[in-house]
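> One structure follows; several queries about it will come next.
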Amino acid sequence: MTNQTKPSASGETWTPRIVAFFCNWCTYTAADLAGVSRMKHAANARVIRLMCSGRVDPQFIVEALAKGADGVLIGGCHPNDCHYVEGNYKCLRRYQMLKRMIADMGIEPERLRLEWISAAEGEKVKRVINEMTETLTQLGPLGLPQKFDEWDREMEHFAEHVAAREAATGSACPEHGGKPQTLETAHA
Amino acid sequence: MKPIVPKKNEPIRIGYYICHCGTNIAGMVDVEAVAKYVATLPNVAISRNYKYMCSDPGQELIQQDIREHRLNRIVVEACSPLLHELTFRKATEAAGLNPFYVQMVNTREHNSWVHTDRTEATRKAMALARAAIQRVPHHKPLEVKKVPVNPNVLIVGGGIAGIHAALTLANAGKMVYLVDKEATIGGHMAMFDKTFPTLDCAMCVLSPKMAAVGSHPNIHLWTYSEVAKVDGYVGNFNITVRRKPRYILEDLCTGCQECVDACVFKEPKFPDKFNLGLGKRKPVFLPFAQAIPPVVMIDPEVCLNFKRGKNPDGTHTVSDKCKKTCVQACGDRKAIDFKQTEEFKNITVGTIIMATGFQIFDAKRTPFYGYGVYPNVYNALEIERIINASGPTEGELIMRNGQRPKKVAIVHCVGSRDENTNRWCSRVCCLYSLKLAHLIKEHTNAEVYNFYIDMRTPGKSMEEFYNRIAEEGMHLIRGKVADVYPDPNNGATGRLVVQAEDTLTNKILKIPVDMVVLGVGLEPQPDSENLRRQFNLSCSSEGWFLERHPKLAPVNTFTDGIFLAGCCQGPKDIPDSVAQAGAAASEAFALIDKGHVEQEPNTAYILADECSGCKSCIPLCPYTAITFDEERKKAIINEALCKGCGTCVAACPSGSIVQNLFEDEEIFSEIDGVLAPVPV
Ligand code: FES
């Protein structure tokens with residue numbers, strides 16, 4: 001299995017980056033099993049171990065996307081199998097909410113994926129990571145950090161523009177006469 | 001060694017070590033490049049690569065560096081933390097540093113073993129290393145929690161594995177609760193006639209052990225019982241056992257069986273489960289002669305006293321429409337109780353051994369062998385019973401048509417090594433098929449044909465056994481049987497033709513025989529899925545209980561304090577089941593003897609100053625570990641009840657819950673770390 005690569009605008013090859021949150025008891029162990037069984041798969045996922053999928057804070061996902069991940073994968077125990085009874089149900093609810101939220105933000109919902117993978121399903125780890133790499137390759141880079149930079153630059157331009165107008169007319173807004181409010185970008 | 005307590009504001013000094021693991025890691029990851037890269041990262045004081053980090057010299061390297069370079073954080077990039085985290089924590093602790101300053105990076109299972117491109121793997125190793133380097137500065141010194149271990153043990157399943165484990169622990173002075181869903185212990189082994197390769201009688205070796213269980217002062221034997229509920233954790237499991245009614249008071253029954261003789265049914269009439277329906281029993285019966293406990297039971301489905309009072313909803317009321325000759329026969333012993341109901345027992349144990357065994361493959365799932373269609377097709381277990389001196393024919397090999405077979409075919413690998421049924425090798429079928437070949441020949445002097453795919457006889461004395469049987473004049477044919485059908489020339493007599501391709505001579509064989517024996521494979525118990533849920537175990541994709549590590553922890557499970565013995569973990573023969581039962585018993589004993597278990601200090605706590613009292617965490621906790629202090633309007637976590645899942649932490653809107661070992665800052669810095677650019 002080789003990586004899914006796609007030349008980017010700058011000519012370098014781009015390959016998607018996946019941040020994966022795996023629960024200690026099922027999915028992390030399954031990924032270990034995939035290793036022990038030498039099930040070759042795409043090298044695009046970076047696994048972060050948590051005790052339970054219930055620990056996945058929606059902010060982790062937002063942070064991962066904001067810091068340059070092209071997709072986020074959450075792996076937990078199958079329904080009824082959570083080591084902590086029902087952490088995976090809590091995770092499922094947050095996931096559904098988040099999926100809608102990122103869609104509203106203009107991010108393709110396929111970039112977020114939740115899978116139940118038991119400790120015996122090394123094969124499924126391989127399949128899911130390969131599939132997700134494939135999907136993200138099709139979607140192309142998410143590139144939130146670059147977008148943030150662009151937006152920052154736009155804001156700067158805007159601010160300069162407003163300042164220039166202010167200097168010329170003495171007031172930015174004819175109605176309020178005040179200064180424009182500074183907008184905070186999401187990653188600030 | 002004086003513990004090194006890092007002073008406040010002392011600069012972070014990280015020691016980073018990447019393991020070659022021979023060539024396991026170094027073969028796919030450029031470990032030198034990774035170490036060089038890590039050396040450039042902030043806070044890193046030492047960055048090394050070494051052949052085997054888990055070896056003594058590897059651990060000493062860390063310890064020496066801690067002393068010489070005053071390291072206060074350790075990152076080891078090697079195998080899975082589930083394998084060696086403890087090793088490196090111990091090594092670090094021995095050097096005087098708090099063990100929770102260690103972070104492991106899994107670059108073998110999650111990287112070098114699963115990728116094929118060296119650049120990609122090296123890049124990934126760097127990204128994962130960076131995540132850990134960014135994470136460890138947030139680590140706090142923590143203390144392990146010690147929880148006492150209750151010395152009592154629950155063993156589920158009373159086959160040879162459960163029996164052996166129970167006796168081992170009981171002889172060591174531990175209190176054992178042995179629960180079996182059947183009315184007697186003994187399991188499958190009690191049904192076997194002889195055992196391979198020694199051909200000694202199964203019951204002769206088993207029954208003394210069964211009797212020892214029955215009379216052991218340290219064993220509570222609860223047969224005809226099932227575990228109804230499991231709560232708690234290693235050291236303190238709370239178990240509810242359901243004892244099904246057998247309508248006999250166990251303490252009062254002497255096993256004299258006078259009630260059986262006195263039953264209004266003069267002749268045994270109902271299919272006898274122990275003899276797989278090949279024999280008959282009465283409504284009141286002893287499962288078999290050597291049953292332990294030696295207590296009869298009543299089958300309410302057929303006992304007249306119940307049957308005549310059967311309610312439309314399927315329940316029974318005592319009808320008084322039977323003469324109850326059994327009660328008269330029992331007399332003053334008063335052991336029969338038609339009003340007995342199911343009973344629930346609550347016990348507390350510290351450890352559990354699962355020994356729930358297997359079921360045989362149902363040969364009806366391979367219809368071309370005609371099992372269940374042609375009366376002279378049997379499964380191997382049925383032959384064990386027929387050939388057994390206390391079986392339905394008292395050891396005479398007589399077929400359903402009353403005749404003795406002159407020609408017998410034994411088909412190996414039925415429901416084993418087969419894409420359409422079960423893919424695994426059941427390990428015992430070749431050997432028991434050879435054993436049955438010998439016994440059939442001994443009993444009837446019939447011609448015996450063994451059809452095998454491969455002859456698999458591993459293990460001590462097994463190949464010798466195979467040679468011995470082969471020399472007895474068996475026909476051993478290498479070829480999978482494709483079809484069994486009635487002999488067109490001899491249809492009325494029930495004769496059958498076995499068709500197979502002899503793969504050594506490439507000839508199609510059609511051999512007429514009187515009897516076909518199917519060497520059925522072993523399968524997980526039908527209720528293994530329920531048990532798995534109940535005990536919070538994992539199963540392999542085939543349905544066998546999953547061991548913690550296939551080589552290094554073969555009797556442990558992912559649930560601390562629960563161990564596996566016998567075929568519930570996978571097919572095995574009697575010696576292996578007994579060996580594994582001994583291992584499971586000693587694992588349990590080791591925990592009990594130590595007296596306590598150490599628990600990961602990954603519990604959560606509340607930052608009271610920040611808690612807004614919104615209560616959203618309270619209903620999330622499955623262990624009711626969170627309560628609300630009405631006076632201070634703050635949530636409180638009871639550390640003793642918290643198991644450390646972190647669900648409440650993720651939900652707290654004010655970020656005022658912290659999970660040790662998995663603090664928000666720790667995770668965020670890992671996220672940043674894996675996404676930071678790397679030089680390759
Ligand atoms: S422990 Fe795996 S999802 Fe909760």
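The values are calculated or read from the model by the stated rules, or taken from the named source; none is laboratory data. All figures in this text were calculated on a predicted structure; none of them were measured in a lab. Using ideal geometry, Cβ is built from the backbone for each residue, glycine included, and neighbour counts are taken over all protein chains shown. With ligands, DNA and RNA removed, areas are computed over all heavy atoms of the protein, side chains included. Shrake-Rupley method; radii C 1.70, N 1.55, O 1.52, S 1.80 Å.
> Does A:GLY143 count as at pLDDT below 95, more than 16 Å from the ligand (Cβ to nearest atom) and open to solvent by less than 30 Å² (accessible area, probe 1.4 Å)? So that I can check it myself, show each step before the final result.
On the way: at pLDDT below 95: yes; more than 16 Å from the ligand (Cβ to nearest atom): yes; open to solvent by less than 30 Å² (accessible area, probe 1.4 Å): yes.
Considered against the rule, which asks whether it is at pLDDT below 95, more than 16 Å from the ligand (Cβ to nearest atom) and open to solvent by less than 30 Å² (accessible area, probe 1.4 Å), A:GLY143 comes out as yes.
> Would you call B:ALA363 in contact with a helix residue (DSSP H, G or I) (Cβ under 8 Å, 6 or more places away or on another chain) and in the same structural domain as B:HIS412 (by TED's automatic domain parsing)? Walk me through how you get there before you give the answer.
Numbers: in contact with a helix residue (DSSP H, G or I) (Cβ under 8 Å, 6 or more places away or on another chain): yes; in the same structural domain as B:HIS412 (by TED's automatic domain parsing): yes.
Yes, satisfied.
> Next up: Quick test for you: out of B:ALA132, B:ALA121, pick the one residue that is part of a helix (DSSP H, G or I), at pLDDT 95 or above, touching a strand residue (DSSP E or B) at 6+ places or on another chain (Cβ under 6 Å) and within 14 Å of chain A (Cβ to nearest Cβ). Don't jump to the end; show me each part of the working.
Details: B:ALA121 fails: touching a strand residue (DSSP E or B) at 6+ places or on another chain (Cβ under 6 Å).
Exactly one residue qualifies, and that residue is B:ALA132.
> Need at least 1 residues that are in contact (Cβ under 8 Å) with a residue 40 or more places away in the chain and of a type in the set (Gly, Ala, Ser) per element, so show me which strands (runs of 3 or more DSSP E) inside the stretch B:384-487 make the cut, counting only ones lying wholly within it. Steps first, please.
Numbers: elements: B:407-414, B:447-452, B:475-478, B:481-486.
By residue number, B:407-414, B:481-486.
> Within the stretch B:160-179, is there a residue that is open to solvent by 20 Å² or more (accessible area, probe 1.4 Å), part of a helix (DSSP H, G or I) and under 30 Å from B:ILE46 (Cα atoms)?
No, every residue in the stretch B:160-179 fails to be open to solvent by 20 Å² or more (accessible area, probe 1.4 Å), part of a helix (DSSP H, G or I) and under 30 Å from B:ILE46 (Cα atoms).
> At least 3 residues that are closer than 29 Å to B:THR647 by Cα and in contact with a Gly (Cβ under 9 Å, 6 or more places away or on another chain) in each: list the strands (runs of 3 or more DSSP E) lying fully within the stretch B:507-606 that qualify.
Where strands (runs of 3 or more DSSP E) fall fully within the stretch B:507-606 and carry at least 3 residues being closer than 29 Å to B:THR647 by Cα and in contact with a Gly (Cβ under 9 Å, 6 or more places away or on another chain), they are B:596-599.
> Please determine whether any residue of the stretch A:28-36 is facing chain B (nearest Cβ under 8 Å), near the ligand (Cβ under 9 Å from one of its atoms) and modelled with pLDDT of 95 or more.
Within the stretch A:28-36, one or more residues are facing chain B (nearest Cβ under 8 Å), near the ligand (Cβ under 9 Å from one of its atoms) and modelled with pLDDT of 95 or more.
Yes/no per residue for (1) within 16 Å of the ligand (Cβ to nearest atom); (2) aliphatic (A, V, I, L, M); (3) open to solvent by 60 Å² or more (accessible area, probe 1.4 Å); (4) facing another protein chain (nearest Cβ under 8 Å):
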{"position": "A:MET39", "(1), (2), (3), (4)": "no, yes, no, yes"}
{"position": "A:ALA43", "(1), (2), (3), (4)": "no, yes, no, yes"}
{"position": "A:GLU63", "(1), (2), (3), (4)": "no, no, no, yes"}
{"position": "A:TYR89", "(1), (2), (3), (4)": "yes, no, yes, no"}
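> Right, A:GLY54: modelled with pLDDT of 95 or more and either in a loop (DSSP other than H, G, I, E, B) or not assigned by TED's automatic domain parsing to the domain that holds A:PRO16 (or both) or not?
Details: modelled with pLDDT of 95 or more: yes; either in a loop (DSSP other than H, G, I, E, B) or not assigned by TED's automatic domain parsing to the domain that holds A:PRO16 (or both): no.
It is false that A:GLY54 is modelled with pLDDT of 95 or more and either in a loop (DSSP other than H, G, I, E, B) or not assigned by TED's automatic domain parsing to the domain that holds A:PRO16 (or both).
> Also: Take B:PHE100 and decide whether it is surrounded by fewer than 24 Cβ atoms within 10 Å (Cβ to Cβ) and more than 8 Å from chain A (Cβ to nearest Cβ).
Yes: the conditions hold for B:PHE100.
> Name the residues in the stretch B:201-226 that are out of contact with any Pro (no Cβ under 8 Å at 6 or more places or on another chain), buried (at least 20 other Cβ atoms within 10 Å of the Cβ) and closer than 23 Å to B:PHE563 by Cβ, would you?
B:LEU206, B:MET210, B:VAL213, B:ILE219, B:TRP222, B:SER225
> Assuming B:CYS567 fulfils every condition listed in (1) at pLDDT 95 or above; (2) farther than 25 Å from B:PRO526 by Cα apart from one, which condition is it?
All conditions pass for B:CYS567, except number (2).
> Looking at the stretch B:529-583, which of its residues are within 10 Å of another protein chain (Cβ to nearest Cβ), open to solvent by less than 30 Å² (accessible area, probe 1.4 Å) and among the basic types (Lys, Arg)?
If the condition is that a residue be within 10 Å of another protein chain (Cβ to nearest Cβ), open to solvent by less than 30 Å² (accessible area, probe 1.4 Å) and among the basic types (Lys, Arg), then B:ARG532 is the only one that fits.
> Please state which of the following conditions B:ASP502 fails to meet, knowing it meets all the rest: (1) open to solvent by 30 Å² or more (accessible area, probe 1.4 Å); (2) within 23 Å of B:VAL377 (Cα to Cα).
The failed condition is (1).
> Let me ask another. Test each condition in (1) at pLDDT 95 or above; (2) away from the ligand (no atom under 16 Å from the Cβ) for A:GLU115 and report the one that comes out false.
(2)
> On the basis of being surrounded by fewer than 19 Cβ atoms within 10 Å (Cβ to Cβ), under 18 Å from A:VAL56 (Cα atoms), at pLDDT 95 or above and not basic (Lys, Arg), does B:LEU661 make the cut? Let's see the steps before the verdict.
Details: surrounded by fewer than 19 Cβ atoms within 10 Å (Cβ to Cβ): yes; under 18 Å from A:VAL56 (Cα atoms): yes; at pLDDT 95 or above: yes; not basic (Lys, Arg): yes.
Yes.
> So how many residues does the stretch B:61-75 have that are open to solvent by less than 10 Å² (accessible area, probe 1.4 Å) and either within 14 Å of chain A (Cβ to nearest Cβ) or without any contact (Cβ under 8 Å) to a residue 60 or more places away in the chain (or both)? Don't jump to the end; show me each part of the working.
Here is the first cut: in the stretch B:61-75, the residues open to solvent by less than 10 Å² (accessible area, probe 1.4 Å) are B:62, B:65-66, B:71-72, B:74-75.
Among the residues that remain, those that are also either within 14 Å of chain A (Cβ to nearest Cβ) or without any contact (Cβ under 8 Å) to a residue 60 or more places away in the chain (or both) are: B:62, B:65, B:71.
The number of residues fulfilling the criteria is 3.
> Evaluate the following for A:ASP70: is it away from the ligand (no atom under 16 Å from the Cβ) and modelled with pLDDT of 95 or more?
Values: away from the ligand (no atom under 16 Å from the Cβ): yes; modelled with pLDDT of 95 or more: yes.
The answer is yes for A:ASP70.
> Going through the stretch A:45-61 one residue at a time, which ones are among the polar types (S, T, N, Q) and more than 16 Å from the ligand (Cβ to nearest atom)?
A:GLN59, the sole residue that qualifies.
> Suppose we keep only residues that are within 16 Å of the chain's Cα centre (by Cα) and not acidic (Asp, Glu) within the stretch A:106-127. Which one would you say is surrounded by the most Cβ atoms within 10 Å (Cβ to Cβ)? Full working, then the answer.
Step one: list which residues in the stretch A:106-127 are within 16 Å of the chain's Cα centre (by Cα), which gives A:106-115.
Now restrict to residues that are not acidic (Asp, Glu): A:106-107, A:109, A:111-114.
Details: A:GLY106: 7, A:ILE107: 17, A:PRO109: 13, A:ARG111: 23, A:LEU112: 20, A:ARG113: 20, A:LEU114: 20.
Checked the stretch A:106-127; the qualifying residue surrounded by the most Cβ atoms within 10 Å (Cβ to Cβ) is A:ARG111.
> To continue, here is another question. Counting only residues that are open to solvent by 20 Å² or more (accessible area, probe 1.4 Å), give me the strands (runs of 3 or more DSSP E) lying completely in the stretch B:318-381 with at least 2 of them. Step through it out loud before you land on a result.
Numbers: elements: B:343-349, B:351-354, B:358-360, B:377-379.
Result: B:343-349, B:358-360.
> Against the definition (touching a Lys or Arg at 6+ places or on another chain (Cβ under 8 Å), at the interface with chain A (Cβ under 9 Å from one of its Cβ atoms) and crowded, with 21+ Cβ neighbours inside 10 Å), how does B:LEU675 come out, yes or no?
Answer is yes for this residue.
> Applying the selection to the stretch B:626-644, what residues are in a loop (DSSP other than H, G, I, E, B) and either without any contact (Cβ under 8 Å) to a residue 12 or more places away in the chain or away from chain A (no Cβ under 11 Å) (or both)?
Step one: list which residues in the stretch B:626-644 are in a loop (DSSP other than H, G, I, E, B), which gives B:630-633, B:638-644.
Matches in the stretch B:626-644: B:GLU630, B:GLU631, B:ARG632, B:LYS633, B:ASN638, B:GLU639, B:ALA640, B:LEU641.
Matching residues to (1) touching a residue at least 24 places away in the same chain (Cβ under 8 Å); (2) of a type in the set (Ser, Thr, Tyr); (3) away from chain A (no Cβ under 12 Å):
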| residue | (1), (2), (3) |
| --- | --- |
| B:LEU82 | no, no, no |
| B:ALA95 | yes, no, yes |
| B:GLU109 | yes, no, no |
| B:VAL114 | no, no, no |
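> Also, I was wondering about something else. Determine which single condition A:CYS82 fails, assuming it passes every other condition in (1) open to solvent by less than 20 Å² (accessible area, probe 1.4 Å); (2) at pLDDT 95 or above.
(2)
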